[in-house]
1. Calculate for the protein assembly as shown the 222 nm mean residue ellipticity that helices alone would give, adding -39,500 (n - 2.57) per DSSP H run of length 4 or more and normalising by residue count, nearest 500 deg cm²/dmol.
2. For the stretch A:363-440 and the stretch B:274-290, what is the separation of their C-alpha centers, rounded to whole Å?
3. Once phi is turned into ³J(HN,Hα) by the Karplus curve 6.51 cos²θ - 1.76 cosθ + 1.60 with θ = phi - 60°, what whole-Hz value does each residue of the stretch B:482-489 show in order, with x for glycine and proline?
4. Can you give the % of DSSP beta bridges in chain B that are antiparallel, to the nearest 5?
5. To the nearest 20 debye, what charge dipole does chain A have about its Cα centre, counting +1 at the Cβ of each Lys and Arg and -1 at the Cβ of each Asp and Glu?
6. Give the calculated FRET efficiency between B:Asn422 and B:Arg87 to the nearest 0.05, with a Förster radius of 60 Å applied to their Cβ-Cβ distance.
7. Mark the label point 7 Å from the Cα of A:Arg657 along Cα→Cβ and return the residues of the stretch A:692-726 whose backbone N is within less than 20 Å of it.
8. Which one, A:Thr432, A:Gln81, A:His689, projects farthest toward the positive side of the charge dipole computed for chain A from Cβ point charges (K/R +1, D/E -1)?
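Here, each number is a calculation from the coordinates, and none is a lab measurement. All figures in this text were calculated on a predicted structure; none of them were measured in a lab. Using ideal geometry, Cβ is built from the backbone for each residue, glycine included, and neighbour counts are taken over all protein chains shown.
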2 protein chains.
Amino acid sequence: MSKNTGGISGESFSATTNGSPKGSTNNSTNESKNECTNGSTNGVDSFCAGSGGSALYKAWLQYAKVNDSEVCEVYKPLIQQIVVAGRIEGVLAAAVAELQEGIRSMLGFTPEVVQEPTGTSCLLLQVNKPEGAETAGAAGEGSGTVSKLAVQPGFDPLPMSETGPISQTSAQGKPWRVPKASAALEADGFTLLHVREGGENCLLLTGGSARGVMYGAFHLLRLISMGICPEGLNVRECPRNRLRMINQWDNADGSIERGYAGRSIFYRDGSMVTDLQRVKDYARILASTGINAISINNVNVHEVETHFITGELLLDVARVAAVFREYGIALFLSVNFAAPIAIGGLSTADPLDRGVQAWWKTAVQQIYTAIPDFGGFLVKADSEHRPGPFAYGRDHADGANMLAEALEPYGGLVIWRCFVYNCMQDWRDRRTDRARAAYDHFKPLDGKFRDNVILQIKNGPMDFQVREPVSPLFGALPHTNQVIEFQVAQEYTGQQRHLCYLVPQWKQVLDFDTYALGPETRVKDIVGGSRFPFPHSGVAAVSNIGDEENWTGHTLAQANLYGYGRLVWNPDLSAEAIADEWTRLTFGNHPAVVAGVTGMLMKSWPIYESYTAPLGVGWMVTPHTHYGPDVDGYEYSRWGTYHFADRDGIGVDRTKRSGTGYAAQYFSPNTEMFESLGTCPDELLLFFHHVPYSHVLHSGKTVIQHIYDTHFTGAEEAEGFVQSWEGLRDKIDDIRHAQVAGRLAKQAEHAKHWRDVINTYFYRKSGIPDEQGRTIY
Amino acid sequence: MSKNTGGISGESFSATTNGSPKGSTNNSTNESKNECTNGSTNGVDSFCAGSGGSALYKAWLQYAKVNDSEVCEVYKPLIQQIVVAGRIEGVLAAAVAELQEGIRSMLGFTPEVVQEPTGTSCLLLQVNKPEGAETAGAAGEGSGTVSKLAVQPGFDPLPMSETGPISQTSAQGKPWRVPKASAALEADGFTLLHVREGGENCLLLTGGSARGVMYGAFHLLRLISMGICPEGLNVRECPRNRLRMINQWDNADGSIERGYAGRSIFYRDGSMVTDLQRVKDYARILASTGINAISINNVNVHEVETHFITGELLLDVARVAAVFREYGIALFLSVNFAAPIAIGGLSTADPLDRGVQAWWKTAVQQIYTAIPDFGGFLVKADSEHRPGPFAYGRDHADGANMLAEALEPYGGLVIWRCFVYNCMQDWRDRRTDRARAAYDHFKPLDGKFRDNVILQIKNGPMDFQVREPVSPLFGALPHTNQVIEFQVAQEYTGQQRHLCYLVPQWKQVLDFDTYALGPETRVKDIVGGSRFPFPHSGVAAVSNIGDEENWTGHTLAQANLYGYGRLVWNPDLSAEAIADEWTRLTFGNHPAVVAGVTGMLMKSWPIYESYTAPLGVGWMVTPHTHYGPDVDGYEYSRWGTYHFADRDGIGVDRTKRSGTGYAAQYFSPNTEMFESLGTCPDELLLFFHHVPYSHVLHSGKTVIQHIYDTHFTGAEEAEGFVQSWEGLRDKIDDIRHAQVAGRLAKQAEHAKHWRDVINTYFYRKSGIPDEQGRTIY
């Protein structure tokens, strides 16, 4: 064995964007589907933990056996041993266990974990030590760290330009140097290097903390699963968003608001479930994509959930927090702003009342006693009838700051939602525009929030429609922490019965240039914290999981949860690259499967949009359920969601000149772009303008013909999914194939219903026939 | 005292139609409202039994103190004693108790019950003995009878032409004769005679059975309450319908399908309530109007209710049956056709399967062991996803007859609902017409049902709309027992939040001439059993009560339950006379109150119709809840309820010539009347024809202008209710006044919403402006 040889491939390699996966023909799922044959078909009872679960259950953590002998042979010697010098506990333990189980499942052997390598090859895990730090203890979550690293004498993969000396002493007392990926490696970042020097052949995984190591471990497992050889690996990954959060809208009774995949995995009949194995697997799933925070109850906090912050129920919450802690995920609770009244026996919840302030401080103290690393509160206040500070003549800043003051000593956060509007609007009142509401409410409060308050802003001004403009609040609050909120749950996008891969939508939003600080002030830069000096920022999203065996109802909807995590980790990843990754991890690397599934995913959002509400007008769904077409369903209701279609035209005039003035909430030149019929993008035309059906789009089509054409082709394309999927029948295990096939067939049928309702509605109203004379009822 | 004097007023007197109530200014409710001041505001807990209850609770059995001294003085001596010669038990006991309590409450003394009168005045109760009968035992329900009647020597109110000798011996051994109202007096009929002869002054109440006596007792109490003097009273009443039934749509969990007055009074949390006091008061309320049958569970029979026919739950049902038995009301159960599978452990519910037949026979035997006078089964089968014989290739007759055979030995009935249609219709299929369904299903089965099967036919072909034509099935099944089904619950008529007195609607239906046997074959004659020799016939209706203190949510909605019973007793009563009765009994006899409330009731159905769906087209309500406007709510759904409105016109072509052919299901000349645009009544125009908005009605208005006008005036008139009611503030107790005032205010507001949604919808679609230029949004 040589030492100090250096000279590894200096070429930067990113597996997910630049990698060149082996074109394995391995149909991984044909193995995995047999691994849990005793599982029942549904729910928690069918639960098969970890890699022992069914293919439906394992989602993208299939860890299918790698049949590519080349890949196996490269990895096998390299990772026979996992070297960890210090105590293995907490997040580090989870990372090591995941590596052992993943490698066992994929490569057929279980690597031994050692403090020192016994040969010339190993996978070495370590926590990066910030430059200048004197002690050997790693920064981290207070869980497992690699505090002392000892390798056998003579082993030293340096030099690398980014590495620096760390004085350490081997077991033999000899000094040596380990690579240090970067002095500035953040806690959640990691580097993954392949070091080959003479007879030595090692992988060095260095995390900014134990959590970073864990993310690196999942990254390595992804590489193996995708058949990517480690030769010359030189990965450096740091998440672009600090807060990467999932919001559960689960209720204590076991229901899930806007849940489309069964009942809650957390609660049943008013209590926390006792067996947390499925919660643990959820934590693994989330952690594997980089999620680091979760709120575990619905933002609409009902009676039982109001008590989560005290007493016995708090102990239940602490049990769940412990599960997530092992995967580096901080636990948050949604709280009831009126809790001081509801459970505290006070007569007020006024945020400026000293008694109320004291009550919350005591409550928070109790929470931190039970959960020392508690994340904080998620709050929906003065929104859709939820209590809030308005009742006391206070504003959102008063409300949020009061809670923030209580949380501040413990490092806790208040995440305060901006989804505030008048949900009792009179539809006859044309001056009120719901789209304006969040901006009108929160813009005047910029700078008035404490440092540990974060505003959570929905991606658009309305409510997770298939198409709406980006919220004008992004960039409009330069002095206020903010996170963007997406909805992985497909509330308005087919409810996981329709295929709708949402990563392209989110990416459009994140890439939107707000011009807040001039060009290139994109949403992703704002929420990523790189353009404004926010102490806190990031991304949150409503989860799409439940207790159905495949987590998400539609197996392909797993891609949205995976894609959410991956996109938030790195918003520069392409939607297609994420789809490719997810498909390989989930269904294996067969080129036809990868191309087929990726292709379906990438087409699915445009197709869903094409047969539903046209040109950005939104809604047109069945009230309450939000599933299926009902063009006038919300037209005369109190929800502020109108299209104003009459026999002549359709759309909402939100211009400064003649409309509600919403367009003026954007920075220039976005305001001008939306304001002008000439420059407003077609896909948002009816969101900003009321036009006659004969209005000609940039596409050259009239609005009415666009409606007809997109609805006819959209329904055809939905039918096309059925064929595409059928073509993969022999390459995907029967159970998952049948599950998806059933959903796609129903989607195709329902897409025709959408097509015919929308076309018939507009034909009956406009009287303008389809140019192609197709059937309209 | 003389005897055999005869010569009482021979003039027939009907209190309800010809009576001349004293114009008392007594505000009866000002007394009664103070009688239950400790009652809580809602639900069973607030229950104040009988006349001790609150004014809200007592409904039309207020028994308010009679302040008219003239009335008091006439009645007081007359009814100091109630003479009943035989044992007082069962229904007779209920009648006597009701008389004692009512008289105590209204006149301030409690009459004593004696076997013989001690003076020259009394109220004598007796059961009529059919001519030729040799024994003194009365026919009846097996409960209390007046088997031996003894009065003091010399008392004999005869002669009357209809009476005949009944040999009886007084306590003194002297023979005497009692009047016999009619040899043919039916069991439920009664006569009520005032006999004044010299110093003798008696009221003679003769029932065809104990039940007849009870109905007469309630009749007498009504007279007193309305301030009608008994001088010369000579009433003969026989109900025109044999079966006078109420259907509860209550579920074991305590909910009520289409219930608008709280929770069930029968069930809570899956069990029968233990305290049946409120059920008893409901029985009193029903019996007071003549109801003689009740089904106590929802026609959609869920899991728990499927078990009502067996085991412990059957014993609970028997407890309830005992309560209703005391008021002459037979108890029925809705049954699950698939019960042999669901609870019997059989693999089939095929009505031709011997095992299934045997299972039902055993079940029925057990029921009659527990409830010897059990009424029978109400069945919703093969309707809206309920199980039925179709699953086995059998028809409705097969299904009904199988159950009927099991019930026949005990005299039980099968009431089989005809509400059968395709509730999975494709809205794109213009050939299918839900209106046709009941006729198409059942007409071919005429004559195939056993004698103890009754078909229950909804009043119209659709589903209890504010306006629809009469079902063409009436008269079309000459060989099949039939009852008509109304809905007292205001599912589509404002849900007891809007005032809508439905008696005028029901009366129109009952008065409709089917021409089945030529002119004057009215629906009331058919279901009354006078035109076809049906062994069984009558009327059923869905109840509108729940556990709210006032039973019906809207206090004025009590008039619908009262009016239902009274109209079914005698379909020739006018809606206005019934309203007048109800108002007097409920709010007292002040002329302003009687005129004001009666006026509001009588206008309410036309007003509700005017601001909701126009011209018989129906629906246009929010799906599922059926409350509030949603013009297109059902337009693209599977329920078969469409209006086909486009920019040019609206309506459903149900003609033979060019439409679905539904009009041909009627007898001539009704078919021709509906078929022709020239003769189709305006109010049903859009049910039968699709016409342009410019079509001119018989009224001279265009369809579109009719829509605008009725909606503007309807909303104004709803507002007018508020003023009318306000004018009665000082004449009605505060609690009931406020209760109604609150509902009327909301109705007025909601009527404006209806007005504006309907007008806006049609203006946007038609583009035709209102001739009067009123505001349309």
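1. Details: 42 runs with 502 residues, N = 1554.
Roughly -10000 deg cm²/dmol at 222 nm, from the helical runs in the protein assembly as shown.
2. 51
3. Using θ = phi - 60°, the values come out as 8, 10, 8, 10, 9, 10, 6, 4 Hz.
4. Numbers: 22 of 67 bridges.
Bridges in chain B are about 35 percent antiparallel.
5. In debye, rounded to 20, chain A gives about 520.
6. Values: r = 56 Å, r/R0 = 0.93.
Calculated transfer efficiency: 0.60.
7. A:692-700, A:703
8. It is A:Gln81, whose Cα lies furthest towards the positive end.
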